[in-house]
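**Q** Here it is, the structure, as structure tokens.
FYI, it's all coordinate maths here, none of it is from the lab. A quick note: this is a predicted structure, and the numbers were derived from the prediction, not measured. Positions of Cβ are generated from backbone atoms using ideal geometry, with glycine treated the same way; all protein chains shown enter the neighbour counts.
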Amino acid sequence: MRAGAVKVRVRGKYATALTKTALDLGFDIVQASDVIIDRFNLDVDNSAPNVTIKDSERVPGGLVFMGDCDAVDEALNGFLRVVEYGALVWRSVVPLHRVVIGVIKDSLNNGYIVDIGGAYAELRGFPGYYRVGDAIPVYVMRTRVLPKDIIMVMPGVRVDTHYVSIFPGSGNVLFSSHIKDPEAKSTLLEVGLRYVNGLRGYSIKWRSSAQFLNREEAVKEVEYAVRVLNEVEVRSRGSEPYTVLQDGECIVEVILGGDAKIILDNMRNSVMPTIIGHHTYKTFRRNTALLDLVEALLSHCSDRVGFSSEFMRQLMSGRYRVGIVHIRPNGDVLRLGVADVLRLEPSEIVLVRRLRGGGYLDGLGIPKAEGDLAITCTSLGSNYLIHVYTDGSLRPKGIYANVNTPVEFTGSNILYVDLAVDVVKAWDSGEVRVVDYDEYMSYVKMGIIPQRIQDRVSDVMRELQTNIGKLGEDCLRRARDLMG
């Protein structure tokens, strides 16, 4: 697909940076917000996008790319080059809404396992209706992007254009939640009702881009979708197993590291004054009045780096407690609790958490007692955190070094993406061990962790294996000094 053919719709906290990125890559911006149109002096273009980029609803600070698979690939590859591959990437195993001839492989208590060609999916319901070996047309109603996701299919065929979806149903006319204009809904309802009764067993759903169609355009879109549906139905009756009858939409979850966000800060700054840390600060915040004020002041300052550093120092000062948000490579979000602050500065972060008794300390196999402490030492931008585990009297038990993307501060939380592999050492032992390396390599082999991050992990691992003892001693000594 040539660059000019990629039409990108951007939404969310990264909208300005993403718009600048897309324009620099030669893509077209469509359905832009009024703010983006004014900011970039764009002509209004409300044609349908073939890729949408928006905030992830699953991973804090992440992005989602979704749309036509070729367009998603091109937009994603361009974006990753811009952020210097500072992100973990999870791609949908099979496109959403793909229609394929699946084969029943097994029955479940209330459904079936269906082979859809290279992946297995669940079909729920219809007990006793199908037999193992049956080849039936199915469509993907839910795909797998992150590892815990389950691919789910339904029997039958469907058609999805950029403007309308037709799928098995009870003859309803439905609307995307993004279509809010009463006049647009009235027009689309009228057109939908004209056709849905003749479809027998199907419903029509207008997609968000349909809100910009006039009546004549809406009629053409429905008629086109109905023709395609008829063609797919005919093909479904004579196709071999695993034949793809209608392709769907690809979905990609992008888990951004701290350095990638700084690149996006800089991209936004080329359009309007933006502090370093802008996008991290907005990770969990809806109210950005403080940020707006600070960036208004930045427009009168010639030292952006110094100004940003001072803002971060002020943001961190005076806090007595902070959260620790640990994002795993598979997208799981672990909140490690709220820690007491011993020191919270960009160049030095020292925190302490009180642990509950029972179980064992991670990676160390040492029993965990009620009142044990976890002392954490790191700094903004660091690629590791040092955790020193002690009893309630600060007698050390062990050291756990977490390897991660650069540490960030959101205003109330320490945030990073864990990279699975860690280095541990019992305090009274000379043995240094690497743990969870197999898990890390599984992500590497799946192509989730890019080479740039792999190279950094190798460097950090060498440093930690050599210096973990000294790093742990320094962390404990600093905590004792700060605790008096």
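**Q** Explain nothing, just compute: Karplus ³J(HN,Hα) = 6.51 cos²θ - 1.76 cosθ + 1.60, θ = phi - 60°, for every residue of segment 280-297 in order, whole Hz, x for Gly and Pro.
**A** 5, 4, 7, 3, 10, 10, 9, 8, 10, 4, 4, 5, 4, 5, 4, 6, 5, 5
**Q** Please arrange 278, 326, 300, 178 by how many other C-beta atoms lie within 10 Å of their C-beta, fewest to most.
**A** 300, 178, 326, 278
**Q** Okay, next question. So what is the relative contact order for the chain, in percent, with contacts set as C-alpha pairs under 8 Å and at least six apart?
**A** About 12 percent, as a whole number.
**Q** Roughly what angle does helix 304-316 make with the longest principal axis of the chain, taking Cα atoms, 0 to 90 degrees, to the nearest 10?
**A** The angle comes out near 80 degrees.
**Q** In degrees from 0 to 90, rounded to the nearest 10, what is the angle of the helix 182-196 Cα long axis to the longest principal axis of the chain?
**A** The angle comes out at about 50 degrees.
**Q** Lys and Arg at +1, Asp and Glu at -1: add these up for the other residues within a Cβ distance under 11 Å of residue 98 and post the number.
**A** Local charge sum for residue 98: -2.
**Q** Counting helices only, and only those DSSP H runs with n ≥ 4, report the 222 nm mean residue ellipticity of the chain as the sum of -39,500 (n - 2.57) divided by its residues, in deg cm²/dmol to the nearest 500. Spell out each step's value before the answer.
**A** Numbers: 11 runs with 149 residues, N = 484.
It lands at -10000 deg cm²/dmol.
**Q** Exceeding 24 Å between C-alpha atoms, which entries from my cross-link table qualify? They are 54/180; 20/54; 282/368; 7/205; 180/220.
**A** 282/368
**Q** For Cα extents along the principal axes in Å, several values are listed as [x] 97, 92, 58; [y] 214, 56, 47; [z] 80, 61, 36; flag the one computed from this structure.
**A** From the options [x] 97, 92, 58; [y] 214, 56, 47; [z] 80, 61, 36, the structure gives [z].
**Q** Something else about it: Using the Cα centre of segment 250-312 as the reference point, and only Cβ charges (+1 on K/R, -1 on D/E), how large is the resulting charge dipole? Debye, rounded to the nearest 20.
**A** Dipole about the Cα centre, nearest 20: 180 debye.
**Q** Would you work out which of 59, 112, 377 lies farthest towards the positive end of the dipole of the chain? Charges go on Cβ: Lys and Arg +1, Asp and Glu -1.
**A** Sorting the options by dipole projection puts first 112.
**Q** Then there's this: When a/c is below 1.5 the answer is rounded, else prolate if a/b is larger than b/c, else oblate, so apply that to segment 96-156 with a ≥ b ≥ c taken from the square roots of the Cα gyration tensor eigenvalues.
**A** Since a/c reaches 1.5 and a/b is larger than b/c, the shape of segment 96-156 is classed as prolate.
**Q** Roughly how many whole Å is it from the C-alpha centroid of segment 253-272 to that of segment 285-324?
**A** Taking the Cα centre of segment 285-324 as reference, the centre of segment 253-272 is 16 Å away.
**Q** Ok, one more. Using a simple charge model, +1 on the beta-carbon of Lys and Arg, -1 on the beta-carbon of Asp and Glu, nothing else, what dipole does the chain show about its Cα centre, in debye to the nearest 20? Walk me through the numbers on the way to the answer.
**A** Details: 58 positive and 60 negative charges, 182 e Å.
Here the size comes out at about 880 debye.
**Q** Whole-Hz ³J(HN,Hα) for each residue in segment 94-103, computed from phi via Karplus 6.51 cos²θ - 1.76 cosθ + 1.60 with θ = phi - 60°, x for glycine and proline: what do you get?
**A** 9, x, 5, 6, 4, 10, 8, 7, x, 10
**Q** Fewest Cβ neighbours within 10 Å first, please rank 425, 105 accordingly. Before the final figure, lay out each step's value.
**A** Details: 425 22, 105 15.
Fewest to most other Cβ atoms nearby, the residues stand as 105, 425.
**Q** Output the 0 to 90 degree angle, nearest 10, between the alpha-carbon long axis of helix 69-82 and the longest principal axis computed from the alpha carbons of the chain.
**A** 30
**Q** While we're looking at this one, here's another question. Quick one: check the C-alpha center-to-center distance for segment 452-484 versus segment 184-226, whole angstrom.
**A** 61
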